[in-house]
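This report concerns only the one structure given below.
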Amino acid sequence: MEGIILTFVFLGLALFVLTPRKTIGATISALSFTGYFYLVGVNSWIPVALFTVGLLLIVLEVFIPDFGLVGISGILSIVLGLYWTLGDLTQTIQDLSIAIVITAAMVVYLIRRGYSLTNVNKLVLQSTDPGSKANDSVKSPDHPIKPGLRGIAQTPLRPSGKVTFGENSPYFDVISSEGHISRGTPIEVEKVSATKIVVRRQRSLTF
C-alpha cells in the first residue's frame, strides 16, 4: 500500500514537470507525500527533509543541462530518507522500485502523447540568454526541413529539445531518436512526419 502511495508522489512530479497541469501534479505529489509518511510513521523530521531535498534536486536537475551530479544526489537523498524512515533496505528498494517502474511508464506515455521538456528547455535558454532566439522557435515553411539536413542541438535533447540548421536559422522543436543528446552536438534530420522532426547524431562520412 505504501509503495503505491509513494508512486503517486513521483507521478505527480512527472505531471508537474512534463505537462501544463502543474497545479494538479504538485497537489497529487504533496498529498501523496503527506499520506506516505503518515502511514509509515516518522519520529524525526530528518527523513522527511532528506526526501524533500531529494525531490527538489531531481526537479532542479531538469533545469541544469548535463549536470547529472544534482540528479544523482537527489536520488541518494530520497533513498536515504526512505531507509531512515522504514529501517529496512529491502522494503526501501521494493517501494522505490514500484514507484520508478510505474512512473517511467507514465513518462513514456506522456512523451508519446506529445508532452516533453521543450518548455523547460525554453526557460533554461531564456534565463541564460535574454536575447536568445528561443523566443522565435518556429516550424516555418521558409526553412524547409528534410531528411539529411544537418544542424546543432541548442539545448539537451531528452529526447525533445531545440536545434538550429545554419547560422541564421530559428530554433526548431525536435525529438531525438537516440535518447539523450547533449547541447552543442552536431545532429541531422532522420525523418519528418507532419509537424514532428526526428533527429539523430550526425553520422561520420566513410570512404
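Find the residue count for segment 144-159, including only residues that are under 9 Å from ILE181 (Cα atoms) and small (Gly, Ala, Ser).
So the count comes out to 1.
Which pairs do you get when a residue that is modelled with pLDDT of 80 or more, found in segment 1-23, comes within reach of a residue that is open to solvent by 20 Å² or more (accessible area, probe 1.4 Å) and not in a helix (DSSP H, G or I), reach meaning Cβ atoms under 6 angstrom, with the pair 6+ apart or on two chains?
Final answer for the pair search is LEU15/ARG21.
Tally the residues that are farther than 20 Å from ALA49 by Cα and in contact with a Gly (Cβ under 7 Å, 6 or more places away or on another chain), restricting the search to segment 76-101.
Total meeting the criteria: 2.
Taking segment 150-207, which residues are among the aliphatic types (A, V, I, L, M), in contact with a Ser or Thr (Cβ under 9 Å, 6 or more places away or on another chain) and buried (at least 17 other Cβ atoms within 10 Å of the Cβ)?
Just the residues of segment 150-207 that are among the aliphatic types (A, V, I, L, M), to begin with: 152-153, 157, 163, 174-175, 181, 187, 189, 192, 194, 197-199, 205.
Next, only the ones that are in contact with a Ser or Thr (Cβ under 9 Å, 6 or more places away or on another chain) stay: 152-153, 157, 163, 174-175, 187, 198-199.
The answer is ALA153, LEU157, VAL163, VAL174, ILE175, ILE187, VAL199.
Suppose we filter segment 42-54 for residues that are among the small types (Gly, Ala, Ser) and either part of a helix (DSSP H, G or I) or free of Cβ contacts under 8 Å to residues at least 40 places away in the same chain (or both); how many remain?
Keep residues of segment 42-54 that are among the small types (Gly, Ala, Ser), which gives 44, 49, 54.
Then drop every residue that is not either part of a helix (DSSP H, G or I) or free of Cβ contacts under 8 Å to residues at least 40 places away in the same chain (or both), which leaves 49, 54.
Of the residues in that region, 2 qualify.
If you scan segment 58-76, which residues turn out to be in a helix (DSSP H, G or I), touching a helix residue (DSSP H, G or I) at 6+ places or on another chain (Cβ under 8 Å) and either modelled with pLDDT of 80 or more or open to solvent by 70 Å² or more (accessible area, probe 1.4 Å) (or both)?
Pass one, segment 58-76, residues in a helix (DSSP H, G or I): 58-63, 68-76.
Filter once more, so that each one left must be touching a helix residue (DSSP H, G or I) at 6+ places or on another chain (Cβ under 8 Å): 58-63, 68, 70-71, 73-76.
Residues satisfying the conditions are LEU60, PHE63, SER73, ILE75, LEU76.
Please tell me if LEU39 is closer than 23 Å to ILE72 by Cβ, in contact with a helix residue (DSSP H, G or I) (Cβ under 7 Å, 6 or more places away or on another chain) and assigned by the TED database to the domain that holds LEU86.
No: the conditions fail for LEU39.
Name the residues in segment 163-194 that are at pLDDT below 90, under 18 Å from the mean Cα position of the chain (by Cα) and assigned to a strand (DSSP E or B), would you?
Result: ASP173, VAL174, ILE175, SER176, ILE181.
Can you tell me which condition PHE37 does not meet? The list is (1) at pLDDT 85 or above; (2) open to solvent by less than 20 Å² (accessible area, probe 1.4 Å), and all the others hold.
PHE37 satisfies all of (1) at pLDDT 85 or above; (2) open to solvent by less than 20 Å² (accessible area, probe 1.4 Å) except (1).
Give segment 6-34 a look and list any residue that's in a helix (DSSP H, G or I), over 18 Å from GLU61 (Cα atoms) and open to solvent by 30 Å² or more (accessible area, probe 1.4 Å), or say none.
Selection gives PHE8, THR23, ILE24, THR27, ILE28, ALA30, LEU31, PHE33, THR34.
The values are calculated or read from the model by the stated rules, or taken from the named source; none is laboratory data. Quantities reported herein were computed from a predicted structural model and do not represent experimental measurements. Note: ideal-geometry Cβ built from the backbone for every residue, glycine included; neighbour counts use all protein chains shown. These accessible areas exclude ligands, DNA and RNA; they are computed on the full protein's heavy atoms, side chains included. Shrake-Rupley method; radii C 1.70, N 1.55, O 1.52, S 1.80 Å.
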